[in-house]
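What follows is a set of notes on a single structure, which appears directly below.
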Amino acid sequence: MTTHDTHRAIDAIWKIESPRIIATIARMVRDVGLAEELAQDALVAALEQWPDQGVPRNPGAWLTQTAKRRAVDRIRRERMAGRKLEALGQDMEGLLESEDERLIDRLDDDIGDDMLRLIFTACHPVLSVEAQVALTLRLLGGLSTDEIARAFLLPEPTIAQRIVRAKRSLAPPGIAYEVPRGAQLGERLAAVLRVLYLIFNEGYAATAGGDWMRPALCEEAQRLGRVLAELVPDEPEVHGLVALMELQASRMGARVDAHGEPILLLEQDRRRWDRLLIGRGEKALARATRLGGERGPYALQAAIAACHARATRAEDTDWSRIANLYAELVVVLPSPVVELNRAMAVSMAEGPAAALPLVEALADEPALRDYHLLPSVLGDLFFRLGRLDKARDAFRRAAAMTRNERERRLLEARVEACGQPLEAERPA
């Protein structure tokens, strides 16, 4: 394996393993900023050693152990300098003499899940909701600052400053690294749910890079969602979010072709949809409904996903119900993105002419100024109306705005298709 190939392998491994490493080290040092720094030290060590020594059989374990050793060295230096980390108590003193995993385990509470603990710590009430989400996406989602900025539709420097301030706010010893209990749990739950959904979305439709999807992010969000559902079993929106993620994830095997190129929803082979995940999603949605949460924002989105899952053929999709569900969602979750999705559902239920005014009314929304799906949807409506010149311009704008290479090629293909006669109606 060449040095270049090794570096590519390290990059891929890091994207998958870094959240777990940071979570593990944060449990030891009780400082998320320091944990990320120590995890980065392990990454540097891998970049220095693996090109010569080869990629270890278990690279995640290698990186974790290297970060742990860096953490122990750091704590030892702090102790020798007379700056003990008091929050760690006697267990950490023992850890300085032995790296026995049983001593590390004593630092756990009864939840026993580092990733979940880190999410709740990052969602501490000393932070704004925006900072909570940005920090958790950075630490647990493995997203770059640029990717997070695009997820928020905000400038990259704004997100960078938000993350730095959040780390500083969580540094004081009084900030407990734990899953809260009682009333505090409820206070942080909404932010945690939002974090999980944004992580899932980044995996489901990557904002940048050469891949259409990042399945590892979806799987991690689903795993954490299931753990959270066990932790707070009477919270309907938790089950609503789990339902939404399971139902959306059921399509992932059909969303790309053999070459990794995107396949649009109505063109997917529904026989490749994962029936197990659909069953899990339907079960979680039913549980949310039994708990009285069928009109929560996640449960409503899950109900929309269920409409697609229940249609064995694209032409059987109940678009009228989907449009009505989006209309309800706009009330509980006002957002120009939701309005855009509702307009697309209206176009499928009533035709593109009915939806065009709804989409054009969103053209001046500041939050959609750099959102490539706005011109993409416009292009689709114009295409289906036979207004090919306008469709071509809209698809060209969308292709220039997206940061995902696969999506750009898809949009460029639609630009080319505008030079051909209209053959079929299809959504973007």
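For Arg74, the conditions (1) more than 18 Å from Cys218 (Cα to Cα); (2) under 31 Å from the mean Cα position of the chain (by Cα); (3) modelled with pLDDT of 80 or more all hold with the exception of (2).
Of the listed requirements (1) in contact (Cβ under 8 Å) with a residue 60 or more places away in the chain; (2) not in a loop (DSSP other than H, G, I, E, B), Asp211 misses just one: (2).
Rundown of residues vs (1) touching a residue at least 24 places away in the same chain (Cβ under 8 Å); (2) in the same structural domain as Ile13 (by TED's automatic domain parsing); (3) aliphatic (A, V, I, L, M), yes/no style:
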residue: Ile119; (1), (2), (3): yes, no, yes
residue: Val133; (1), (2), (3): yes, no, yes
residue: Leu137; (1), (2), (3): yes, no, yes
residue: Gly141; (1), (2), (3): yes, no, no
residue: Arg150; (1), (2), (3): yes, no, no
residue: Glu156; (1), (2), (3): no, no, no
residue: Ala160; (1), (2), (3): no, no, yes
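Does Val195 qualify as being surrounded by fewer than 20 Cβ atoms within 10 Å (Cβ to Cβ) and of a type in the set (A, V, I, L, M, F, W, C)? The answer is no for Val195.
Residues are listed down the side, and each one gets a yes or a no for (1) modelled with pLDDT of 85 or more; (2) surrounded by 14 or more Cβ atoms within 10 Å (Cβ to Cβ):
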residue	(1), (2)
Ser98	no, no
Asp109	no, no
Asp113	no, yes
Ala131	yes, yes
Thr136	no, yes
Ile148	no, yes
Pro157	yes, no
Ala166	yes, yes
Pro173	no, no
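Right, Ala9: under 19 Å from Ile75 (Cα atoms), assigned to a helix (DSSP H, G or I) and under 24 Å from the mean Cα position of the chain (by Cα) or not?
In short, no.
Is it the case that Glu328 is of a type in the set (D, E, K, R) and not assigned by TED's automatic domain parsing to the domain that holds Asn404? For Glu328, the condition - of a type in the set (D, E, K, R) and not assigned by TED's automatic domain parsing to the domain that holds Asn404 - is met.
Restricting the search to the stretch 230-266, which residues are in a helix (DSSP H, G or I) and not hydrophobic (A, V, I, L, M, F, W, C)? Residues satisfying the conditions are Glu230, Pro236, Glu237, His239, Gly240, Glu246, Gln248, Gly253.
With respect to the conditions (1) of a type in the set (Gly, Ala, Ser); (2) in contact with a Phe, Trp or Tyr (Cβ under 8 Å, 6 or more places away or on another chain); (3) in a helix (DSSP H, G or I), Ala286 falls short on a single one, namely (2). Close Cβ contacts (under 7 Å, 6 or more residues apart or on different chains) running from residues in the stretch 39-50 that are assigned to a helix (DSSP H, G or I) to residues that are polar (S, T, N, Q) comprise Ala39/Ser18; Ala42/Thr66; Ala45/Thr66; Trp50/Thr6. Screening the candidates Ala311, Ala355, Ala343, Ala303 for the property of being under 25 Å from Leu277 (Cβ atoms), out of contact with any strand residue (DSSP E or B) (no Cβ under 6 Å at 6 or more places or on another chain) and buried (at least 20 other Cβ atoms within 10 Å of the Cβ) yields one hit, Ala303.
The values are calculated or read from the model by the stated rules, or taken from the named source; none is laboratory data. Keep in mind it's a predicted model, so treat the numbers as computed, not measured. For neighbour counting, all protein chains shown are included, and Cβ atoms are generated from backbone atoms with ideal geometry for every residue, glycine included.
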